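For reference, the structure is listed below as structure tokens.
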Amino acid sequence: SSGINAEWSLRPGYKCRCYKVIHGWLFLSSLILLFMFTFLYLNEVVIRFNLAMDYITIALVVWNFGIMGIISIHWKGPLILQQAYLLIISALMALVFIRHLPEWTLWFILGGIAIYDLFAVLCPKGPLRILVETAEARNEPIFPALIYSSTMMWTVGMADGEPVGGYNPLNSNAPPVDNQPPEEQGVKLGLGDFIFYSVLVGKAATADDWNTVIACFFAILIGLCLTLLILAIVKKALPALPISIFAGIVFYACTRFCIKPMCDQMALHQVYL
């Protein structure tokens, strides 16, 4: 619910051009994740693996790691470094969900957020659609802390289409693609998509079965490929969560409750195919 509230709060703020407030909120969120949560999880890793490391070394590592992330995301840096830090932030946020939410609550949130993503992107009054349309009307980029730029250009009849995640860098007022910097080209995904992808894979990892993790990973990839295929056909902004999340839930259930017990029984009776 906090993510949904943030989306609805972001829309009027962006519409009223409260850019400094939004930048401050995003900066504070990045600061907390890259410093506080990185320190907490790094400390747990050190304790878990019984590594000899003093607090001064940990503080220096976290400081350099966090400062580099803040500069790459909110100022300037190599695109690949910005992508890496955005993925790390998504994974850190996903760990918060996995550690502090009950299992069934987490599954209901995954299903609910996938359904909500349909409304937010496709509905004319959806917050993400209004945000994108406002950005396109003003010919302004969406905040880099909210968008993952893949730089992968689509070629299947998608020159005038829109990328996944509801952001179209190729609007009629934008400069030609050849004149755009790399971070403004290609398919763009909302950072929230990666957070819930990470939640799905992370929750699968708690089952202590690599087959389940791999199945969920490939389900997400299959969902993204299908979304891109539909995108090439309809040529309009599409939500990136629904197909991948529902495919991941189906793959998770089939692998954990059908394939894993069958493999365990085959191994127990020494049956090999």
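Read-outs: derived from the displayed coordinates by stated rules, not from any lab. Not measured: the values here are computed from a predicted model. Virtual Cβ from ideal backbone geometry, glycine too; neighbours counted across all protein chains shown.
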For GLU140 and ILE233 in one chain, what is 0.36 nm times their gap in residues minus the Cα-Cα distance, to one decimal in nm?
30.8 nm
What is the gain in length, in nm to one decimal, between LEU122 and PHE246 on full extension, counting 0.36 nm per residue of separation less the C-alpha to C-alpha distance?
42.9 nm
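Quick one: which of LYS15/LYS188; LYS76/LYS188; LYS15/LYS203; LYS20/LYS76; LYS203/LYS260; LYS15/LYS236 span more than 25 angstrom between C-alpha atoms?
Violating the 25 Å limit, Cα to Cα: LYS15/LYS203.
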What percentage of all Cα-Cα pairs in the stretch 78-139 are separated by more than 13 Å?
74 percent
Multiply the residue gap between LEU81 and LEU51 by 0.36 nm, knock off their C-alpha separation, and tell me the result in nm, one decimal place.
8.1 nm
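Grab the beta carbon distance between ASN43 and ILE214, set R0 = 35 Å, and tell me the FRET efficiency rounded to 0.05.
The computed FRET efficiency comes out at 0.75.
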